[in-house]
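One structure is given here, and the rest of the page talks about it.
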Amino acid sequence: MDRDRIEYLWICYINQTCSKAEKREFFQLMNEESTAEVVRGLLGRSFEEERDEVALKPALRGQILFGIIEQPEEVLVEPSKRVRFYWGAIAASILLVASFSLYWFSLSSQQEHMEQSETSERQIYSKGNVATLSLDDGTLINLDDHHGGIKVQTSGIAYENGESIADVGESGATIKWQTITVPQGGYYQIELEDGTKVWLNASSSLRFPSSFKGTTERIVELNGEAYFDVSKRNQHNIAKPFIVRSEGHDVEVLGTQFNVEAYKGQSSYRTTLVEGKVKIKKNGVQRILTPGQQATVGDAIQVRSVDVQEYVAWKAGDFYLQGKHLGSLIPILERWYGVQIECTEEATIERVTLQVSRNKPLNAMLKILQESIGVNYRIQGNKVYITK
């Protein structure tokens with residue numbers, strides 16, 4: 001018996017490349033008593049390969065089994081009782097391997113389905129009051145999530161209830177700069193030394209001085225999105241322009257409420273005025289905004305009237321869109337829930353009108369989109385897939 005020949009015919013058969021003559025030879029060799037151990041070895045190897053996802057197809061196992069039992073008469077030779085015993089054992093081995101392999105495949109598929117179901121059903125929430133404070137000397141402080149904000153005072157930085165966080169008093173004429181950073185899914189509030197209140201949205205940071213004393217301007221630096229309620233006068237009762245510096249342009253005010261969206265990497269940045277008056281400046285060009293107007297800063301400064309609520313609703317804890325493309329909501333959801341979203345072009349252009357609390361889990365938000373504009377979604381780990 002030529003073992004190499006049997007293995008060659010075996011490979012040809014499972015790859016369905018056998019000629020008619022080779023197939024006849026294959027079954028003739030399998031009817032010989034001396035081939036039993038070789039065939040069992042090949043079946044065992046097939047099972048081992050299945051666990052590495054190089055499996056002998058169940059249909060082919062069946063063909064081999066029934067090919068042994070129900071071969072054409074001209075192929076079969078009259079077996080002895082001993083040969084019948086061997087083939088009974090081999091047939092049993094084949095059935096055992098096929099059955100166990102089917103169980104293995106079924107169990108693996110079931111586990112995969114359960115994992116996907118568990119992932120899809122897992123509720124994904126935002127992180128809430130989360131931020132870190134980086135001091136001038138490099139000290140990094142994780143702000144307590146039981147507090148909603150901090151205050152900058154002449155004596156240092158404290159939580160809104162007065163509990164001290166850090167002593168950042170002035171050192172001679174040197175002004176110390178601190179940075180508060182809010183991660184994905186978080187938000188935080190800070191009251192600056194002059195009484196100006198700032199609400200920071202997810203994935204945002206604000207660099208600010210410990211004091212505005214001795215300066216002619218009140219300057220802060222923003223990366224991300226923030227709502228400002230600017231105090232007209234600081235504690236020294238001297239009117240000073242308040243300037244928000246972000247991504248190559250300045251927003252200058254005396255006393256007003258406005259929202260700035262200036263995430264790094266965006267093609268343009270928006271300032272939306274709620275009340276008062278602001279001046280937008282870039283490369284020597286400036287534009288004045290009145291309440292209800294928005295400036296979009298890119299290569300140039302463009303001003304238009306907008307529904308202010310759509311751009312400041314996040315401060316009150318809402319998602320708010322009126323007839324906007326779904327594509328405009330995607331980066332907002334990514335920052336708020338800390339996920340990556342892949343959305344097909346067909347789904348991206350769907351128009352969305354909604355007002356929904358940001359306290360809802362992502363799953364509930366996606367369900368609302370599914371019911372309102374007919375998109376489908378799938379959550380897998382940290383990724384969300386949206387299709388139409």
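Derivation of every value follows stated rules applied to the coordinates shown; laboratory data play no part. Predicted, not measured: the structure shown is a model, and the values here were computed from it. Ideal geometry is used to build each Cβ from the backbone, glycine not excepted, and the neighbour counts take in all protein chains shown.
Return the FRET efficiency for the residue pair GLN123, ARG351: r is the Cβ-Cβ distance, R0 is 30 Å, and the value is rounded to the nearest 0.05.
0.65
Arrange the following residues from fewest to most other Cβ atoms within 10 Å of their Cβ: TYR188, TYR337. Please report the intermediate quantities before stating the final value.
On the way: TYR188 28, TYR337 23.
If I rank by nearby Cβ atoms, fewest first, I get TYR337, TYR188.
Could you rank the peptides 240-251, 277-288 by their average count of other C-beta atoms within 10 Å per residue, with the highest value first?
With the highest mean Cβ count within 10 Å placed first, the list reads 240-251, 277-288.
For the pair ARG245 and GLU221, how long in nm is the line joining their label points, each one 7 Å along Cα→Cβ?
0.7 nm
Pull out a ≥ b ≥ c, the square roots of the eigenvalues of the alpha-carbon gyration tensor of the stretch 128-307, then state rounded if a/c is under 1.5, prolate if not and a/b is larger than b/c, and oblate in the remaining case. Before the final figure, lay out the partial values.
Working: a/c = 1.85, a/b = 1.42, b/c = 1.30.
Verdict is prolate for the stretch 128-307.
Net charge near GLN340, counting Lys/Arg +1 and Asp/Glu -1 over other residues with Cβ under 14 Å of its Cβ?
Numbers: positive: ARG335, ARG378, LYS383; negative: GLU334, GLU342.
Local charge sum for GLN340: +1.
Find the centroid of the Cα atoms in the stretch 334-378 and in the stretch 182-211, then give the distance between the two in whole Å.
27 Å
Along the Cα→Cβ direction, 7 angstrom out, place labels at LYS383 and ASP136. What is the inter-label distance in nm?
Using points 7 Å along Cα→Cβ, the separation is 4.6 nm.
Mind listing the phi-derived Karplus ³J(HN,Hα) values for the stretch 318-330, rounded to whole Hz, using 6.51, -1.76 and 1.60 with θ = phi - 60°, and x for any glycine or proline?
Karplus values, whole Hz, x for Gly and Pro: 10, 8, 9, 9, 10, x, 8, 5, 4, x, 6, 8, 4.
Run the quick spin-label model on ILE11 and GLU342: label points 7 Å from Cα toward the beta carbon, then report their separation in nm to one decimal.
Output for this residue pair reads 3.6 nm.
How many lysine pairs in the stretch 248-339, separated by 8 or more positions in sequence or lying on different chains, have Cα atoms less than 24 Å apart?
Values: LYS264/LYS279; LYS264/LYS281; LYS264/LYS282; LYS264/LYS315; LYS264/LYS324; LYS277/LYS315; LYS279/LYS315; LYS315/LYS324.
The number of close lysine pairs in the stretch 248-339 is 8.
Can you tell me the dipole magnitude for the stretch 325-385 around its Cα centre, using point charges on the Cβ only (Lys, Arg +1; Asp, Glu -1), in Debye to the nearest 20? Numbers along the way, then the final one.
Values: 7 positive and 6 negative charges, 62 e Å.
Result for the stretch 325-385 is approximately 300 debye, rounded to the nearest 20.
Give me, ordered by chain and number, the residues 5 or more places off ILE124 or on other chains with an amide H under 5 Å from its own placed amide H.
Amide H neighbours of ILE124: LEU362, ASN363.
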